[in-house]
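Asker: I'd like to ask some things about the structure below.
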Amino acid sequence: MAQNSPRPRILVTGGAGFIGSHTAVALHESGYTPVLVDDLRNSRESVRTGVEKITGIEVELWTVDCGNAEAMAPVFHAPFAGAIHFAADKSVGDSTRDPERYFDNNIGGTARLLAQLRAQGVSNVVFSSSCTVYGEAEPSPVDETAPTLPAASPYGYTKQACERLLHDSHAAAEGNLGVAVLRYFNPIGAHPSAHIGELPLGTPTNLVPYLTQSVAGLRPPLTVFGDDYPTPDGTCIRDYLHVCDLAEAHVAALQWLEAHPGAIDTFNLGTGQGSSVLDVIHAFEEATGLRVPHKMGARRPGDITAIHADPSKAKRMLGWSTRRDLKTSLADAWRWQQQIQSKEG
Ligand code: UFG
């Protein structure tokens, strides 16, 4: 990009969230201007400050619901070269207790956002999907041709429905809307500066934020949910990738859309390596020199045994692959945990 050409503006919904905030940094580093929209229902205003500290620029954050066209009108004061849509509720457990909210916010919100993007002539959309669309896929590694199975939770269903919605919007736009659907495996870690990271509200349900809070003494010992699975050490296997790698994939997807106007495609984003829960515990201990207090417990209902990505399509088409390993991801997650604790007292 020529030094004086204006930086293309990219709309980032859910921009104060875990992946959105890291993607804002990656966009800035690649010559874009991220414009964040987040109603802060599951994040905090202070995330903007973290992004500003890393990038050294003032960041536009609009605290509105991206599905509310009236509230969004001022956000479109200047044109967008693309949009990355993260804004969604994301807890599997919550979604079983409050399915109506998930359907409304995730599916309804995406429909209302897409209508605005098409009306505004935004030509590229990158969508935040999940490997949950594959269910218990056999065998791993899973590539993008694996069938999507009936969703195990309302949350999983919303990701499948949104993928369908994006395909239908793409078709209706008749070549004027490019779409990249990104299916994440398990994002973990934090920016190495520790200015941004994951901010789970209440007791974390995901493995790494629970683990770091447990090591910090804020929670009881970690319970390993099941050690009788048919895996080498009996614990479940997932594909954990560093959030900064994941953020870079969004930029690569946007650049791919710019080079292929009106295209649509789906990409798995993972390391291609499966790690068990015990692997994660041991990698954390090696990376930090600290012990992870833990005990074996019962299986968690709804957990699948093992899944990891075949990320070769993203490598081939987007030129993207992960660069940070599990220990680096866990060391960064721990640095972030220490940082939030020092702030909170
Ligand atoms: N785990 C524990 N103890 C804990 C928390 C988790 O042993 O306290 C285990 C789980 O049983 C699982 C692994 O750690 O084997 C990872 O669990 P996470 O909750 O961190 O992640 P999941 O793979 O269950 O969930 C992720 C995303 C969801 C997505 C889902 C699809 O967080 O958004 O994958 O299966 F829907």
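The values are calculated or read from the model by the stated rules, or taken from the named source; none is laboratory data. Computed from a predicted model, the values in this text were never measured in an experiment. We place every Cβ from the backbone using ideal geometry, glycine too, and count neighbours over all the protein chains shown.
Asker: Which of the residues that make up the stretch 1-28 are free of Cβ contacts under 8 Å to residues at least 24 places away in the same chain and within 15 Å of A253 (Cα to Cα)?
Answerer: Those that are free of Cβ contacts under 8 Å to residues at least 24 places away in the same chain and within 15 Å of A253 (Cα to Cα): none in the stretch 1-28.
Asker: Further question: Could you go through the stretch 145-154 and let me know if any residue there is outside any loop (DSSP other than H, G, I, E, B) and within 16 Å of the ligand (Cβ to nearest atom).
Answerer: yes
Asker: Also, quick follow-up: Being part of a strand (DSSP E or B), near the ligand (Cβ under 10 Å from one of its atoms), in contact with a helix residue (DSSP H, G or I) (Cβ under 6 Å, 6 or more places away or on another chain) and not aliphatic (A, V, I, L, M) is true for just one of P187, P204. Which residue is that?
Answerer: Selected residue: P187, the only one of P187, P204 that is part of a strand (DSSP E or B), near the ligand (Cβ under 10 Å from one of its atoms), in contact with a helix residue (DSSP H, G or I) (Cβ under 6 Å, 6 or more places away or on another chain) and not aliphatic (A, V, I, L, M).
Asker: Write out, first by first residue and then by second, each pair whose Cβ atoms fall under 6 Å of each other, whose residues are 6+ apart or on separate chains, and whose first residue, in the stretch 159-173, is within 16 Å of the ligand (Cβ to nearest atom) while the second is modelled with pLDDT of 95 or more and small (G, A, S).
Answerer: Listed by first residue and then by second, the contacts come to K159/S129; K159/S130; E163/S129.
Asker: Let me ask something additional. List every residue pair whose Cβ atoms lie under 7 Å apart, where the two residues are 6 or more positions apart in sequence or sit on different chains, the first residue falls within the stretch 268-291 and is touching a residue at least 40 places away in the same chain (Cβ under 8 Å), and the second residue, located anywhere, is aromatic (F, W, Y).
Answerer: These pairs meet every condition: L269/Y184; L269/F185; G270/F185; S275/Y240; V280/Y240; T288/W334.
Asker: Among the candidates A253, A283, single out the residue that is within 15 Å of the chain's Cα centre (by Cα) and of a type in the set (A, V, I, L, M).
Answerer: A253
Asker: I would also like to ask the following. When the stretch 39-61 is examined, which residues are found to be among the aliphatic types (A, V, I, L, M) and closer than 23 Å to H77 by Cβ?
Answerer: Within the stretch 39-61, L40, V47, V51, I57, V59, L61 qualify.
Asker: Among the residues of the stretch 210-221, which ones are near the ligand (Cβ under 8 Å from one of its atoms) and surrounded by fewer than 23 Cβ atoms within 10 Å (Cβ to Cβ)?
Answerer: Within the stretch 210-221, just Y210 meets the criteria.
Asker: Restricted to the stretch 111-135, and to residues that are within 17 Å of the chain's Cα centre (by Cα) and more than 16 Å from the ligand (Cβ to nearest atom), which residue is surrounded by the fewest Cβ atoms within 10 Å (Cβ to Cβ)?
Answerer: Top of the filtered list is V126.
For every residue, the table says whether it meets (1) surrounded by fewer than 21 Cβ atoms within 10 Å (Cβ to Cβ); (2) modelled with pLDDT of 95 or more; (3) in contact with a Lys or Arg (Cβ under 6 Å, 6 or more places away or on another chain).
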position	(1), (2), (3)
P6	yes, no, no
G14	no, yes, no
H22	no, yes, no
F76	yes, yes, no
H85	no, yes, no
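Asker: Any idea which of E174, E198 is in a loop (DSSP other than H, G, I, E, B) and surrounded by 20 or more Cβ atoms within 10 Å (Cβ to Cβ)?
Answerer: Testing whether each residue is in a loop (DSSP other than H, G, I, E, B) and surrounded by 20 or more Cβ atoms within 10 Å (Cβ to Cβ) leaves just E198.
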